[in-house]
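Notes for the one structure printed next.
Just so it is clear, none of the values below were taken in a lab; they were calculated from the coordinates. It should be emphasised that the depicted structure is a prediction, and the values quoted were computed from it without experimental measurement. Here Cβ is always computed from backbone atoms with ideal geometry, including for glycine, and neighbour counts include all displayed protein chains.
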Amino acid sequence: MSIINNPYLNKGTAFTEEERKSLGLAGLIPPFVQTLDEQVTQTYAQLQTKANDLEKRLFLMQIFNENRVLFYKLFSQHIVEFMPIVYDPTIADTIENYSELYVQSQNATYLSIDDPDSMEAALKNSADGRDIRLIVVTDAEGILGIGDWGTNGVDISVGKLMVYTAAAGIDPSQVLPVVLDAGTNNQELLKDPLYLGNRHERIKGDTYYKFVDRFVETAERLFPNLYLHFEDFGRDNAANILNKYKGQITTFNDDIQGTGIIVLAGMLGALNISKQKFTDQVYLTYGAGTAGAGIAKRIFDEFVQEGMAPEEARKHFYMVDKQGLLFDDDETLTPEQKPFARSRSEFDNADELTNLEAVVKTIHPTVLVGTSTQPGTFTEDIVKEMAAHTERPIIFPLSNPTKLAEAKAEDLIKWTDGKALVATGIPAADVEYKGVTYQIGQANNALVYPGLGLGVIASTAKLLNDEMISKAAHSLGGIVDSEKPGAAVLPPVSKLDQFSNTVAKAVADSAVEQNLTKETISDVAKAIEDTRWTPEYK
Ligand SMILES: NC(=O)c1ccc[n+]([C@@H]2O[C@H](COP(=O)([O-])OP(=O)(O)OC[C@H]3O[C@@H](n4cnc5c(N)ncnc54)[C@H](O)[C@@H]3O)[C@@H](O)[C@H]2O)c1
Ligand SMILES: O=C(O)C[C@H](O)C(=O)O
Ligand SMILES: [Mn+2]
């Protein structure tokens, strides 16, 4: 029974006659022995009977809960179809309705700020003797663009890890999804009698940071080969946490660093198509929060790496948030916004620059990246105004899920008469316009964090530094044929498992070159191959 109930060991109807005898499974499964391929075919057919993506996700979660090999075999064969079901955008629905939909914990770990003393036991209980190499942890204060979801946010940790395995072959028995429940300020949840998390407001300040610190310390001690991925923390904490730990442990913030990598890669891809120069670009951030500022920092570092003096490079950057263009006399700026704030004296019309349209008209950006959570804000007027001053405007509406995107790919192509170079946060269908098929790249950190993690884990890297991050962004070039009309700015999700290896190789090579590995790695490609898990019955 314990074998059948263990998703890492269960093979369901694929247990052989011999295994059924030797493992005490006689009579516990129907008599016919299926192959994994037969199970995959049958399960995929069952999936097709589900009415919508939410139903499909719930069905797939059932398979995940019972049998990891079967789940990942299926996922790996249908990666383009499954990504939006298993991951974003459907995951946003399961997070919002987590308590209502709750069936079981999916081997996640729930850590409560009200009971820090049981943290160690909780992590040990969930690891259950497994050699944990990767944790995705969230405190769920800033889930995608949908805000604070308390304990419900655990689903983002579970979902991000599913993508790690499907895209980069991270061994699913070596991962742990974790939620830090520090309370929630989501009043709807606090009033919901079904809510399964701590029913109090978020605890902030010293107590919060001590809780995070105790988690980091305990996890690092229990799992000495850990790569620690932070996801969807709130704007006030995400960068603080990253800055505190990035020099000490192997850690990563997906919203800051992962998004930075994918947007830089997308921009390099776009410029490859337009044949324009990186350092000529004028970059406008719309929504200068965790992701917006993280991306700007990555792009800025690239300007400097290309040889431009930092003070010169800074002149190419503008940030718009709720208050409009960010100025240096604003006392509410975050530490991440400050380096990009402008001086009022640069403009004749500084007082008018309180909205996106006025800023676009004034500064003539060539790159516009949306991480604002404000749907439809890249309006036809704004986009046409941008396109009037640049040959090939680079426009990335990145806010997730679908309902929050700043614009639709199709509109951007039409409004600019096919000139815009577009990537979106969620998957977008091809756009047919005037006889050209425009493929839309997905600028979602899911295209890079799996490969990045594989490279870090395979190389036994002690740290993940900016050099490795930059190498990851550059490694995505050359996969798309940029000469083809309508070419995408990023490689397609259909090749995700292949280019995860490319990213992993770039990251691992960099770790080895910089002497940042715990073990001596003589053959990087082999180390990656040996680390990659494949869904097969052992
Ligand atoms: N595609 C990707 O890979 C990716 C990665 C990370 C985040 N995102 C998306 O980016 C969005 C932001 O995420 P985050 O983690 O940075 O959140 P965040 O809360 O840290 O940042 C959002 C920022 O937008 C600003 N904002 C809110 N309303 C605004 C308005 N009307 N005008 C201008 N700015 C406004 C906020 O003040 C804040 O600074 C989310 O929708 C998220 O899904 C996408
Ligand atoms: O989860 C995603 O789809 C990407 C990103 O991490 C986000 O927060 O939106
Ligand atoms: Mn995120």
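Hey, what angle do you get for helix 466-475 against the long axis of the chain, alpha-carbon based, 0 to 90 degrees rounded to 10?
Once rounded, the angle reads 90 degrees.
Would you grab the residues whose amide H sits under 5 Å from the one on Ala461? Only those 5+ places off in sequence or on another chain, please, with H modelled 1.01 Å from N.
Residues meeting the criterion, in which the H sits 1.01 Å from N, are Lys518.
Which loop-located chymotrypsin sites (Phe, Trp or Tyr not before Pro) does segment 1-80 contain, where loop means any DSSP state but H, G, I, E or B and the Cβ has at most 11 other Cβ atoms within 10 Å?
Values: sites: Tyr8, Phe15, Phe32, Tyr44, Phe59, Phe64, Phe71, Tyr72, Phe75; in loops: Tyr8, Phe15, Phe32.
Those satisfying the criteria are Phe32.
Angle, helix 496-513 long axis vs. longest principal axis of the chain, Cα atoms, 0 to 90°, nearest 10?
80 degrees
Rg (Å, one decimal) plus Dmax (Å, integer) for the alpha carbons of the chain?
23.4, 83
Need the list of lysines near Lys297 for cross-linking: C-alpha distance under 22 angstrom, and skip anything on the same chain fewer than eight residues off.
Lys244, Lys246, Lys277, Lys315, Lys322, Lys338, Lys471
Going through segment 1-74, which GluC sites (Glu not before Pro) have at most 12 other Cβ atoms within 10 Å and a DSSP loop state?
Working: sites: Glu17, Glu18, Glu19, Glu38, Glu55, Glu66; in loops: none.
Here no GluC sites (Glu not before Pro) fit, given the DSSP loop and packing criteria.
Tell me the relative contact order for segment 1-148 as a rounded percent, counting alpha carbon contacts under 8 Å between residues six or more apart.
Details: 92 pairs, mean separation 27.1, N = 148.
Relative contact order here is 18 percent.
What per residue convex hull volume, in Å³, do the alpha-carbon atoms of segment 254-538 yield? Don't skip to the end; give the middle numbers.
Numbers: hull volume 40.4 nm³, N = 285.
In segment 254-538, the Cα hull volume divided by residue count equals 142 Å³.
Work out the length of the dipole vector of the chain about its Cα centre, built from +1 on the beta-carbon of each Lys and Arg and -1 on the beta-carbon of each Asp and Glu, and round it to the nearest 20 debye. List each step's numbers first, then the result.
Values: 49 positive and 76 negative charges, 202 e Å.
The dipole magnitude comes to about 960 debye.
Compute the acute angle (0 to 90°) between the alpha-carbon long axis of helix 259-274 and the principal axis of greatest extent of the alpha-carbon atoms of the chain; round to the nearest 10°.
Approximately 60 degrees, to the nearest ten.
Which loop GluC sites (Glu not before Pro) in segment 228-311, with loop taken from DSSP, have no more than 12 other Cβ atoms within 10 angstrom of their Cβ?
Numbers: sites: Glu231, Glu302, Glu306, Glu311; in loops: Glu306.
When the GluC sites (Glu not before Pro) of segment 228-311 are filtered for loop state and at most 12 Cβ neighbours within 10 Å, Glu306 remain.
Dipole size in debye (nearest 20) for segment 198-339 around its Cα centre, Lys and Arg Cβ +1, Asp and Glu Cβ -1?
Details: 17 positive and 22 negative charges, 64 e Å.
Computed about the Cα centre, the dipole is about 300 debye.
Normalised by the residues of segment 285-377, what does the relative contact order come to in percent, with Cα pairs under 8 Å and at least six apart?
On the way: 104 pairs, mean separation 35.8, N = 93.
Normalised by residue count, the contact order of segment 285-377 is 39 percent.
Short version: what are the Cα gyration tensor semi-axes of segment 95-249, square root of 5 times each eigenvalue, largest first, in whole Å?
22, 18, 15
Expressed as a rounded percentage, what relative contact order does segment 194-273 have, with Cα pairs under 8 Å and six or more residues apart? Show your work: numbers first, answer last.
Numbers: 29 pairs, mean separation 18.4, N = 80.
Once normalised by length, the contact order is 23 percent.
Positive end of the charge dipole of the chain (Lys, Arg +1 and Asp, Glu -1 on Cβ, about the Cα centre): tell me which of Asn253, Ala458, Leu398 has its Cα farthest that way.
Ala458
Sequence-distant or interchain residues sharing an amide H contact under 5 Å with Thr251, placed H: which?
Amide H neighbours of Thr251, under 5 Å, 5+ apart: Leu228, Leu464.
Using only helices, what value at 222 nm comes out for the chain when you add -39,500 (n - 2.57) per DSSP H run of length 4 or more and divide by the total residues, to the nearest 500 deg cm²/dmol? Don't skip to the end; give the middle numbers.
Values: 22 runs with 224 residues, N = 538.
Dividing the helical sum by the residues of the chain leaves -12500 deg cm²/dmol.
What spacing in nm lies between the two simple spin-label points modelled at Trp533 and Gln77, each 7 Å away from Cα in the Cβ direction?
According to this spin-label approximation, the distance is 2.0 nm.
Using the Cα centre of the chain as origin and beta-carbon charges of +1 (Lys, Arg) and -1 (Asp, Glu), tell me which of His316, Ala92, Tyr208 is placed farthest towards the positive end of the dipole.
Ala92
Pull up all non-local amide H partners of Gly376: gap of 5 or more, or a different chain, and H-to-H distance under 5 Å with H placed in the peptide plane.
The list, which skips near neighbours in sequence, is Glu406, Ala407.
If I model a spin label at Asn240 and Asn6 as a point 7 Å from the Cα along the Cα→Cβ vector, what separation in nanometres do I get?
4.2 nm
Taking the Cα centre of each part, how many Å lie between segment 238-290 and segment 144-215?
24 Å
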